[in-house]
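A.B. asks: Below is one structure. I have some questions about it.
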Amino acid sequence: MSKFTNCLVGAALLFSAGLAGAGENHALAAMTHADAAIEHGAMGHAKVLVDHAKEALKHALAGKNNAHLAEAATHLQAAIEHGNMGHADVATSHAREAYVHIKAATRE
């Protein structure tokens, strides 16, 4: 994901603040942080991946209760665990899986 994508998602988040419920806003914020985790993980920045995965996890847990966000939370926890061990590649894989589930949650 690119910085441009991050900007678009961030703009969508700000725009949707007045239009959508809190659960959707949390899902969009989680998606933004998961995207940043993926980008940094791909560059081998395990610590920065962990920082973004933690933020994504907070938003995933605060969002509306559904199976996709629950699965995303599981992958984000795994991304944090592996990132803390310096396993950027494995952590990135989990962050990617979380992103897929978060994105699915925004469609519900």
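A.B. asks: When only residues in region 50-77 that are of a type in the set (D, E, K, R) and out of contact with any helix residue (DSSP H, G or I) (no Cβ under 7 Å at 6 or more places or on another chain) count, which is farthest from ALA105 (Cα to Cα)?
C.D. replies: The initial filter retains those residues of region 50-77 that are of a type in the set (D, E, K, R), namely 51, 54-55, 58, 64, 71.
Going one step further and asking which of them are out of contact with any helix residue (DSSP H, G or I) (no Cβ under 7 Å at 6 or more places or on another chain), we end up with 51, 58.
Working: ASP51: 22, LYS58: 15 Å.
Checked region 50-77; the qualifying residue farthest from ALA105 (Cα to Cα) is ASP51.
A.B. asks: Please return the ranges of helices (runs of 4 or more DSSP H) entirely within region 1-105 where 3 or more residues are surrounded by 24 or more Cβ atoms within 10 Å (Cβ to Cβ) and at pLDDT 95 or above. Working first, answer last.
C.D. replies: Details: elements: 3-16, 22-42, 46-62, 67-84.
It comes to 22-42, 46-62, 67-84.
A.B. asks: Using beta carbons and a limit of 7 Å, which pairs, at least six apart or on different chains, have the first residue in region 57-70 and among the basic types (Lys, Arg) and the second one assigned to a helix (DSSP H, G or I)?
C.D. replies: Note: pairs meeting the criteria are LYS64/GLY23.
The values are calculated or read from the model by the stated rules, or taken from the named source; none is laboratory data. Treat the numbers as computed from the prediction; the structure is a model and nothing was measured. Note: ideal-geometry Cβ built from the backbone for every residue, glycine included; neighbour counts use all protein chains shown.
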